[in-house]
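Undergrad: Input: one structure, supplied below.
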Amino acid sequence: MSTTPTPPPTAPDTASSPDERAGDDGAFGWLRALGPRGRQAFAGAFGGYALDSYDYYTLPLSMVAIAAYFDLDSGQTGLITTVTLVVSGLGGAVAGVLADRFGRVNALLMTIIIYAIGTVACGFAPSYQALLAFRVVQGFGFGGEWAVGAVLVAEYASARHRGRTLGAIQSSWAVGWGLAVIVYTLVFQFLSEAMAWRVMFWTGALPALLVIYLRWQVTDAPKAAERRAPSGAGEASGSSGSPMATFVEIFTPRTADGEPGLLRTTFFAALLSTGVQGGYYTLATWVPTYLKEERGLSVVNTGGYLTFQISGAFIGYVTGGYLTDRLGRKRNIMIFAILSALAIVAYTNIPSGANTALLVLGFPLGFCMSAIFSGFGSYLSELYPTAVRGTGQGFTYNAGRAVGAVFPTLVGFLAGSWGVGGALVFGALGYALAVVALFGLPETRGKVLS
């Protein structure tokens, strides 16, 4: 893989490191603290994650139409999501290793190109089996984008501002989600369902435009680039420098010096990711179907109800970013895991006909299920040293996503007898698992990434 080209000249940073610029604590102090190149990296990661979200939501929003077109039952439709998320675990692990070996930006380019190709191909699927195969391709690229983009920006961010900076990156998920809902509402209004779901997938070509920006404008943080240098990579990581050695290092119980290794961190971080993402993807996959089939909402009304949830999600991401810096990573995740579980139970037990309450409760549901993610980018980055940061974050986040994919499938198979609303309660169990995992992890607020 080629190295990233030198970007055009930019204004020099006003200080030698992000932490020297961290004294500015205004509303956008976190953004100024990144410096010129850090802001370019932020823009690239923000755009990549927003389009990652857009491509992901083309499936849940089109689920009813796809099920009708291929004559699928709820278990088969749930399996489409599960295949995507399971393969994303492998994609994320591979992308993390590549980010440590060949650079954050190069790995980011690879993931965006792959998930864009996979999404567009889904629109041409002639059968259910072909659609599953194309989702494998999409999932592989989808799995790596967030982890690589988060590491890229985390290494530019100051310790003081890292939580809110990565929280802002997370908010781009709501931006992509909102864009997908707008396109969904328009496409399904003017086209037949048999054609509309295909058009939704074809619009997944949008990420190709971002590749041009990333290729020429974004570079890795200097310290991360130096760490990959042949003269220092092996010494810094304590490994042989091969990709396999890098991956094995995150599963080492003890180092050669007898110090505690990274195995415990990797286990509990993956467990945390499993719980949070099991809860989140249960909702992301099935709420559109729940609103349309069990609550009887039209396409336009479904879009309106989701707008409340997406608005809550965007504000939740931004607010959670500030709270993770103020309260600490663990406390922020624990608070919103509990609130998310309570919100799911409340949302799915609103009496039939009380759709106004359903509309209003969509906002706190979106807020809580998103605010919990705001600390993930900073927390997982801080749990691992630079030499294996991409590998550790890529594996734990996406292993959690892959195992958490069982939750949407379980809901799909239970929906036939329990109803989608009743089965959605299983999402609350994921958040309970996340709370348990936090007891095995340290607090990392204020940690400097050297």
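Undergrad: Kindly list, by first and then second residue, each pair from a residue in the range 142-158 that is closer than 14 Å to A43 by Cα to a residue that is among the acidic types (D, E) and part of a loop (DSSP other than H, G, I, E, B), limited to pairs with Cβ atoms under 8 Å and residues at least 6 apart or on different chains.
TA: Partner pairs satisfying both residue conditions: L152/D220.
Undergrad: So A157 fits all but one of (1) buried (at least 24 other Cβ atoms within 10 Å of the Cβ); (2) at pLDDT 85 or above; (3) not in a loop (DSSP other than H, G, I, E, B); what number is the exception?
TA: The single condition A157 does not satisfy is (3).
Undergrad: With the structure loaded, tell me whether D100 is touching a helix residue (DSSP H, G or I) at 6+ places or on another chain (Cβ under 7 Å), surrounded by 24 or more Cβ atoms within 10 Å (Cβ to Cβ), more than 19 Å from L206 (Cα to Cα) and charged (D, E, K, R) or whether it fails that test.
TA: Yes, satisfied.
Undergrad: Additional query: For the range 39-73, which residues satisfy the criterion of being of a type outside the set (A, V, I, L, M, F, W, C), over 21 Å from A154 (Cβ atoms), touching a residue at least 60 places away in the same chain (Cβ under 8 Å) and surrounded by fewer than 22 Cβ atoms within 10 Å (Cβ to Cβ)?
TA: Y69, D73
Undergrad: Now for a separate question. Among the residues of the range 117-137, what is the count of those that are farther than 16 Å from M63 by Cα and surrounded by 24 or more Cβ atoms within 10 Å (Cβ to Cβ)?
TA: 1
Undergrad: What's the total number of residues in the range 23-79 that are more than 25 Å from G167 (Cβ to Cβ), more than 23 Å from the chain's Cα centre (by Cα) and assigned to a helix (DSSP H, G or I)?
TA: Result for the range 23-79: 10.
Undergrad: Any idea how many residues of the range 383-392 are surrounded by fewer than 24 Cβ atoms within 10 Å (Cβ to Cβ) and in a helix (DSSP H, G or I)?
TA: Residues that pass the stated criteria total 2.
Undergrad: Among the residues of the range 126-134, is there at least one that is within 15 Å of the chain's Cα centre (by Cα) and assigned to a helix (DSSP H, G or I)?
TA: Within the range 126-134, none of the residues are within 15 Å of the chain's Cα centre (by Cα) and assigned to a helix (DSSP H, G or I).
Undergrad: Take the range 194-210 and flag every residue that is farther than 17 Å from Y49 by Cβ, surrounded by 24 or more Cβ atoms within 10 Å (Cβ to Cβ) and not aromatic (F, W, Y).
TA: Answer for the range 194-210, where residues must be farther than 17 Å from Y49 by Cβ, surrounded by 24 or more Cβ atoms within 10 Å (Cβ to Cβ) and not aromatic (F, W, Y): just M200.
The values are calculated or read from the model by the stated rules, or taken from the named source; none is laboratory data. Predicted model only: the values in this text are computed from it and were never measured. Note that each Cβ is placed from the backbone with ideal geometry, even for glycine, and that neighbours are counted across all protein chains shown.
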